[in-house]
Amino acid sequence: MSDPAAWWGEGTYERLAERLAPIHDELVRRLEPRSGERWLDVAAGPGAVAIRAAQAGARVSASDLAPAMIERARGAAAAAGVELDLGVADARSLPCEDASFDVVSSAFGVIFAPEPERVVAELARVCRSGARLGLTTWVPNEELDAVWEPFADGRPAPTDVWGEERSLERLLGDHFDLEVERDSWLVTGRNGAEVWELFASSAPPVRALLGSLPDERRPALRNAFVDLHERYRDERGVRFPMEYLLVLGKRR
Ligand SMILES: C[S@@+](CC[C@H](N)C(=O)[O-])C[C@H]1O[C@@H](n2cnc3c(N)ncnc32)[C@H](O)[C@@H]1O
């Protein structure tokens with residue numbers, strides 16, 4: 001697949017972000033924003049968490065790998081009437097001083113970066129002692145993995161390591177005291193085809209996978225995705241639960 005900094009910025013991710021809004025609200029609420037605190041949102045996308053934190057009075061910096069996401073966050077912050085300190089950065093190498101933040105967050109963000117150990121070292125480095133960390137992470141879903149696997153050349157999902165309590169403890173436990181809660185996000189639509197249309201236009205990794213396939217293989221990916229979601233359809237439409245973890249940490 002081509003350059004992630006480019007493909008993350010393509011498509012209409014905001015359509016998915018809107019549906020994640022209750023999780024963004026909960027993440028910010030659980031991080032207990034306080035006026036004047038220094039807050040960093042990593043892999044911030046178009047800024048949903050960063051804007052909420054700024055609205056709650058924090059002094060917020062936000063970064064993302066994709067320049068196009070940062071531009072969209074700039075527009076969203078202006079529309080919301082808040083100031084964000086925005087910059088392009090890979091989560092593996094944050095352009096921030098040691099111990100410079102009271103709160104560090106990432107909603108379904110850093111889990112997509114390669115080299116999770118390097119990401120964690122950076123999150124720990126920029127937190128002051130006692131700082132609060134808040135992440136949301138996807139729990140591996142066997143049925144969805146079975147949809148992607150035949151098309152992904154055996155590449156494991158990069159997010160898997162963030163989706164299990166034990167591996168989270170291994171990754172983060174040396175730096176943070178952790179609390180992990182499990183919840184689920186309901187993917188809804190009138191039918192499987194409608195859910196596919198949403199993901200194929202608005203989920204950058206799905207768009208990138210689709211774009212990497214020769215034309216003749218694309219219908220098979222679509223059909224496998226639609227079939228799975230049709231299995232979760234009742235008289236109300238599709239209701240496909242995706243489990244996620246809310247990870248709260250305190251920097252030692
Ligand atoms: C699913 S979006 C989440 C965006 C936002 N946090 C939200 O909740 O709406 C994942 C974000 O991670 C960013 N990303 C992917 N790899 C990254 C990396 N190595 N470093 C920093 N950001 C990265 C993408 O550009 C994208 O904006």
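Details
- Local net charge near D183, Cβ-Cβ under 10 Å (Lys/Arg +1, Asp/Glu -1): -2
- Cleavage-rule hits (trypsin sites (Lys or Arg not before Pro)) in region 1-86: DSSP loop, at most 15 neighbouring Cβ within 10 angstrom: R34
- Rounded to 10°, Cα long-axis angle of helix 192-202 versus longest principal axis of the chain: 40
- Whole-angstrom gap from region 61-85 to region 1-26, using each part's C-alpha centre: 13
- Taking a Cβ cut-off of under 14 Å around A53, the surrounding Lys, Arg, Asp and Glu residues balance to a net charge of -1, with basic ones at +1 and acidic ones at -1.
- Electrostatic bookkeeping for R236 treats Lys and Arg as +1 and Asp and Glu as -1; over the other residues with beta carbon under 14 Å from its beta carbon, the sum is -1.
- Each DSSP beta bridge with both residues in the chain is either parallel or antiparallel, and the antiparallel ones are about 55%.
- Only the Cβ atoms of Lys and Arg (+1) and of Asp and Glu (-1) were treated as charged; on that basis the dipole of region 4-128 about its Cα centre amounts to roughly 220 debye.
- Dipole in debye (nearest 20) - region 158-198, about Cα centre, beta carbon charges: Lys, Arg +1; Asp, Glu -1: 200
- Normalised per residue, the accessible area of the chain is 47 Å², obtained with a 1.4 Å probe and no contribution from ligands, DNA or RNA.
- Portion, in percent, of the accessible area of region 1-141 that falls on carbon or sulfur, probe 1.4 Å: 52
- Of the chymotrypsin sites (Phe, Trp or Tyr not before Pro) found in region 166-221, no site is in coil according to DSSP while having at most 11 other Cβ atoms within 10 Å of its Cβ.
- Within region 61-126, the GluC sites (Glu not before Pro) that combine a DSSP coil assignment with at most 11 other C-beta atoms in a 10 angstrom radius are E83, E97.
- Axis angle, to the nearest 10 degrees, between helix 218-230 and the longest C-alpha principal axis of the chain: 80 degrees.
- Rounded to the nearest 20, the size of the Cβ-charge dipole of the chain about its Cα centre is 540 debye, with Lys and Arg at +1 and Asp and Glu at -1.
- Ordering P205, A193, P150 by the projection of their Cα atoms onto the charge dipole of region 98-252, which places +1 on the Cβ of Lys and Arg and -1 on the Cβ of Asp and Glu, puts P205 at the extreme positive end.
The values are calculated or read from the model by the stated rules, or taken from the named source; none is laboratory data. Everything numeric here is computed off the predicted structure, so don't read it as measured data. Note that each Cβ is placed from the backbone with ideal geometry, even for glycine, and that neighbours are counted across all protein chains shown. All accessible areas refer to the heavy atoms of the entire protein, side chains included, with ligands and DNA or RNA removed. Shrake-Rupley method; radii C 1.70, N 1.55, O 1.52, S 1.80 Å.
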